[in-house]
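This report refers to the structure that appears directly beneath it.
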Amino acid sequence: MKRGIFTLAILLIMFALAACGKSTEGKTETDQPAQAQTEQTKSEQAPADSLQLLKNEKTGEYLADPQGRALYYFKKDEAGKSNCSGECLANWPAFTQEDFAVPEGFDKKDFDTITREDNGEKQVTYKGFPLYYFAKDQQEGDVNGQGVKDVWFVINSETEFE
């Protein structure tokens, strides 16, 4: 009798352990699709290197780099050529990031690069016009360069070049 109870107890313990093992396996299988779903959701989100369309009371909507720094054009530039060099370039550094996605309202085909004559570096253009940062824009959302000397302006989807 003791032997039967002992065998029964062993079988119950083995059954309980087996059931626990199946529960863990089932949980792992459930976790994996959730992880795959999370990764899929991340890949469907905008890439980390996307340009952004931000909004400011002073300027309205404007184009910014992935870190939220405003992008400007120089009215004295020509399509395909920068007329900003030396001290100008120190205050208005060139936007050089080549691989990026664009926000809704912009066409990636409107973006290209030129090779700068002064230093041979590539600079991103929008509709042929070189893009710049303003050195005094210190954080995301700054648009301190808007309208400087009436020749520096932020870029937006309605920007028209003369």
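The values are calculated or read from the model by the stated rules, or taken from the named source; none is laboratory data. It should be emphasised that the depicted structure is a prediction, and the values quoted were computed from it without experimental measurement. Heavy atoms of the whole protein, side chains included, go into the accessibility calculation; ligands, DNA and RNA do not. Shrake-Rupley method; radii C 1.70, N 1.55, O 1.52, S 1.80 Å.
How much of the accessible area of region 48-118, probe 1.4 Å, is carbon plus sulfur, in whole percent?
About 41 percent, which is the carbon plus sulfur part of the accessible surface.
Under the rule of at least 5 residues apart or a separate chain, name every residue whose amide H is placed under 5 Å from the amide H of Phe111.
The answer is Lys127.
Could you tell me the accessible area of Lys108 in Å² (1.4 Å probe, neighbours in place), rounded to the nearest ten?
The accessible area comes out at roughly 90 Å².
Can you work out the accessible area per residue across region 40-130, with the rest of the protein chains kept in place, probe 1.4 Å, in square angstrom?
I get 58 Å² per residue for this part.
Can you sort Asp110, Asp118, Asp99 by solvent-accessible area, 1.4 Å probe, largest first?
Sorted by accessible area, descending: Asp99, Asp118, Asp110.
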